[in-house]
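Trainee: Structure below; questions to follow.
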Protein chains: 2
Amino acid sequence: MPSPTTIAQKSAALPSSEEIARAIVQGLEAGEFAPGQRLVEADLCLRFGVGRQAVREALQRLKMVGVVDIVPNRGAHILHMTPEQAALTLEVTELLFGLAARTAARRIAAGSGTATLEHAIGELDACADGAAAGDYMRARRHLFGALAQIADNPELTRLLDQTRVHVLRGQFGFAGLRQDHARELAAIGRLVLAGQCAEAEAQARAHVERIRLHLERI
Amino acid sequence: MPSPTTIAQKSAALPSSEEIARAIVQGLEAGEFAPGQRLVEADLCLRFGVGRQAVREALQRLKMVGVVDIVPNRGAHILHMTPEQAALTLEVTELLFGLAARTAARRIAAGSGTATLEHAIGELDACADGAAAGDYMRARRHLFGALAQIADNPELTRLLDQTRVHVLRGQFGFAGLRQDHARELAAIGRLVLAGQCAEAEAQARAHVERIRLHLERI
DNA sequence: CGCCAACAGATTGTCGACAATCTGTTGGCA
DNA sequence: TGCCAACAGATTGTCGACAATCTGTTGGCG
C-alpha cells in the first residue's frame, strides 16, 4: 500500500475515460473551469488528446456525481452552485462525514491502515500554519480517504468520494479560515485514532456545520 | 406536474443511454439480472436495439451509482451484495432517509406538492393489506420521490435516488414483511404531512434500522 | 505425465464518419 | 420598422469498423 492517495497508475493501462473525469475535476479545482461554463466535447477531445467516446463517458460519470449537467441535445455544462445550494449540500455532507468519523473510530482497533490516517494528520498539521490551497485540499482528501478506508463501508466510501468533489465546489471564499479548518480536521483525525466514536462524530459534524453557518451568513 | 414518478417521456426524444441505464435497473428489479452476472456489451446492444456507445455510457453511469463494477479490459458485472454489505449500505440509507423525512416535514408548510406525497401515501395504504412486490416497490419509490421533491435539496434528491436503487438490491427475503413496511412508510408520510420534523425523522430512521437489524440476524 | 508457449475466439477500447438537432443570422414581407 | 421563415454553422447523437487485450485451448517439450 504505497500511496495513500487515490490510485493513479503512473503510465500504464488507464481506463482513459476515468482519467478524463478525474482531469476535469482537477481542472475545476485549479479554476480552469468556471461554474456554468459549457463543456464542448470537441474541445475536451483536443485538450486531452482522446476521442469523443472517452469524453462522453467521462461526462456521463460526472453527471451522476453531480458535477455537470447534461441537457439532451445541448451538451454539458458545469453545474452552477449557489451559496444556498452549497449550504444544502453541506447538510448531507455533515451526516456522511459524521458517520465516517464515528465508524472509523469504532473500527480503529480492528487494524487496517492507521498509517494512512496518521499520514493525513501529519499533512494537515503541516497546513495548520499556512499552506497553499492545493496542499490543504490534498491533505483533506487524504483524510477523507483514510477515514473511508478504515470505516470499511463500501457505500459510505462511494458517497464520501462524491462528497469530496462537491466540498471543493462550495469553496466560496474560505481562504482565511483554511488554517483553522486544517487544525479542526487534524483534531478529528486524532479523535478517530483514539477510538473516541461519539466525540469524533460530534466534532466532524460541528466542523461541517460551522462551514455551513458561515456560508449562510453571506 | 402530471406524473409523480420519475419522468419518462412516453415515446419522444429520449436520451437513450439514460433509458438503457433505467432499463437495466428495471431488469435487476425484475430479477432478470442476477448479482455477479456479467454484462456483455454486445448482448445489451441486441437486447435494447442500440449501439455500443449508448450501452457503454449507461454502464459508466451505473458504475458511479454503484450498481455495476467495471474492470478495465474485462467488462462490467452486476455488483454482488452480501447481507453484510447490505447492512452497511442501510447505515447510510438510514441517515439520508431520516434527513429527507425531517427536511420534508419542516418544509411541508412552504407549499410545494403535498399532492404527490398524499398520492404516495394512498398507494402505500393500498399495499398495506397485500400487494404484488412491484406495486410496493413503486409506491415506495413514489414516497421517496415526494419527500425529495418537498425537501427541495438537490444533493439529497440525487443521493436518495441512488439509494432507492440499492434498497431494492438489498431485498434478501422480506416478502413476509412487505405489508408491515408499507404501513410504516405510510405512517412516516403522514408524519411529514403533519409537519412533525423530529418524529418523522425518528420513525424513518427506526424503519431503516429495523430492516438492518433483521438483515444482520441472517 | 505435467508444464509452458503459441494460438483462436471472444470482448473491450478507440477512432472516424454521418445523421439529427439546436443556435444565431439573414432575408423577405406586411 | 418589426416580425416570421429559411438557412448556415456548430454541436450532439448514433453507428460501424479496426486495434488492443483477455480467456480458454491446443500442441510441443522436458
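The values are calculated or read from the model by the stated rules, or taken from the named source; none is laboratory data. What you see is a predicted model, and the numbers here were worked out from it, not measured in a lab. FYI the Cβ positions are ideal-geometry reconstructions off the backbone, even for glycines, and counts take in every protein chain you see. SASA here: full protein model, heavy atoms, side chains in, ligands and nucleic acids out. Shrake-Rupley method; radii C 1.70, N 1.55, O 1.52, S 1.80 Å.
Trainee: Just need the relative contact order of chain A here, percent rounded to a whole number, with Cα pairs under 8 Å and 6+ apart.
Mentor: Numbers: 257 pairs, mean separation 58.1, N = 218.
Once normalised by length, the contact order is 27 percent.
Trainee: Now a separate question. So how tilted is helix B:83-107 from the main axis of chain B? Cα-based, degrees 0 to 90, rounded to 10.
Mentor: 50 degrees
Trainee: To continue, here is another question. List the accessible area buried at the contact between A and B, summed over both sides and calculated with a 1.4 Å probe, in Å² to the nearest 100. Display every interim value, and only then the final one.
Mentor: Working: alone 11520 and 11510 Å², together 20000 Å².
Protein heavy atoms only, the A-B interface buries about 3000 Å².
Trainee: Count the net charge of all other residues whose Cβ sits under 12 Å from the Cβ of A:Q179, scoring Lys and Arg as +1 and Asp and Glu as -1.
Mentor: Details: positive: A:R178, A:R183; negative: A:D125, A:D129, A:D135, A:D180, A:E184.
Net of charged neighbours comes to -3.
Trainee: Relative to the first principal axis of the alpha-carbon coordinates of chain A, what is the inclination of helix A:52-65, with its axis defined by its Cα atoms, in degrees from 0 to 90 and to the nearest 10?
Mentor: Long axis of A:52-65 versus the principal axis of chain A: about 40 degrees.
Trainee: Please give me the summed charge of the neighbours of B:R102: other residues whose Cβ is under 14 Å from its Cβ, Lys and Arg +1, Asp and Glu -1. Working shown, then result.
Mentor: On the way: positive: B:R106, B:R107, B:R205; negative: A:E91, A:E94, B:E94, B:D152, B:E199, B:E201.
That works out to -3.
Trainee: Rounded to the nearest 500, what is the protein assembly as shown's calculated 222 nm mean residue ellipticity when only DSSP H runs of at least 4 contribute -39500 (n - 2.57) each, over all residues?
Mentor: Details: 18 runs with 292 residues, N = 436.
Helix contribution divided over all residues of the protein assembly as shown: -22500 deg cm²/dmol.
Trainee: Using the Cα atoms of chain A, I'd like the radius of gyration and the largest Cα-Cα distance, Dmax, both in angstrom.
Mentor: For chain A, the Cα radius of gyration and maximum Cα-Cα distance read 17.8, 53 Å.
Trainee: Starting with the highest mean, order B:154-161, B:142-149, B:100-107 by the number of other Cβ atoms within 10 Å, averaged over the residues of each peptide. All intermediate terms of the calculation are to be shown ahead of the outcome.
Mentor: Values: B:154-161: 19.9, B:142-149: 22.8, B:100-107: 24.4.
Packing proxy ranking, top to bottom: B:100-107, B:142-149, B:154-161.
Trainee: How charged is the neighbourhood of B:M137? Take every other residue with its Cβ under 12 Å from the Cβ of B:M137, and add Lys/Arg as +1 and Asp/Glu as -1.
Mentor: Computed value for this residue: +3.
Trainee: Can you list the distances in nanometres, one decimal and ascending, from the B:Q53 label point to the identical position in each other copy, with the point 7 Å along Cα to Cβ?
Mentor: When each copy's label point is compared with this one, the spacings are 1.0 nm.
Trainee: For label points placed 7 Å from Cα toward Cβ, what is the shortest-first list of nm distances from A:Q179 to its copies?
Mentor: List, nearest first: 6.6 nm.
Trainee: If you take every DSSP beta bridge fully contained in the protein assembly as shown, what fraction is antiparallel? Give it as a percent rounded to 5.
Mentor: Numbers: 12 of 12 bridges.
For the protein assembly as shown, the DSSP antiparallel bridge percentage is about 100.
Trainee: Between copies, how close do the B:G195 label points come, placed 7 Å along Cα→Cβ, listed in nm from shortest?
Mentor: With the label placed 7 Å along Cα→Cβ, B:G195 yields 4.8 nm.
Trainee: Given 0.36 nm per residue, what is the gain on full extension from A:A110 to A:L46 after removing their alpha carbon distance, in nm?
Mentor: Working: separation 64, 0.36 × 64 = 23.04 nm, distance 4.76 nm.
Taking A:A110 through A:L46 to full extension adds about 18.3 nm, to one decimal.
Trainee: Average partner chain C-beta neighbours within 10 Å, per residue of B:149-156?
Mentor: Working: counts 0, 0, 2, 1, 6, 7, 13, 5.
Averaged over the peptide's residues, the number is 4.
Trainee: Need one value for B:49-58: mean number of C-beta atoms belonging to other chains within 10 Å of its residues' C-beta atoms.
Mentor: On the way: counts 0, 0, 0, 1, 4, 1, 0, 6, 8, 1.
Partner Cβ neighbours, averaged per residue: 2.
Trainee: Determine the dipole magnitude for the range B:83-216: charges of +1 sit on the beta-carbon of Lys and Arg, -1 on that of Asp and Glu, nothing else is charged, the reference point is the Cα centre, and the result goes in debye to the nearest 20. Intermediate results must be reported in sequence, preceding the final value.
Mentor: On the way: 15 positive and 17 negative charges, 38 e Å.
Dipole size: approximately 180 debye.
Trainee: Turning to a different aspect of this structure: Taking square-rooted eigenvalues a ≥ b ≥ c of the alpha carbon gyration tensor, is the range B:113-200 rounded, prolate or oblate, where a/c under 1.5 means rounded and, failing that, a/b exceeding b/c means prolate? Don't skip to the answer; put the middle values down first.
Mentor: On the way: a/c = 1.87, a/b = 1.26, b/c = 1.49.
Oblate shape, in that a/c is at least 1.5 and b/c is the bigger or equal ratio.
Trainee: Using Cα pairs closer than 8 Å and at least 6 residues apart in sequence, work out the relative contact order for the range B:124-206, in percent.
Mentor: Numbers: 49 pairs, mean separation 32.0, N = 83.
Reported as a whole number, the value is 39 percent.
Trainee: Same structure, new question: What average count of beta carbons from other chains do you get within 10 Å of the Cβ of residues in B:79-89? Before the final figure, lay out the partial values.
Mentor: On the way: counts 1, 0, 2, 0, 0, 0, 3, 1, 1, 8, 6.
Partner Cβ neighbours, averaged per residue: 2.
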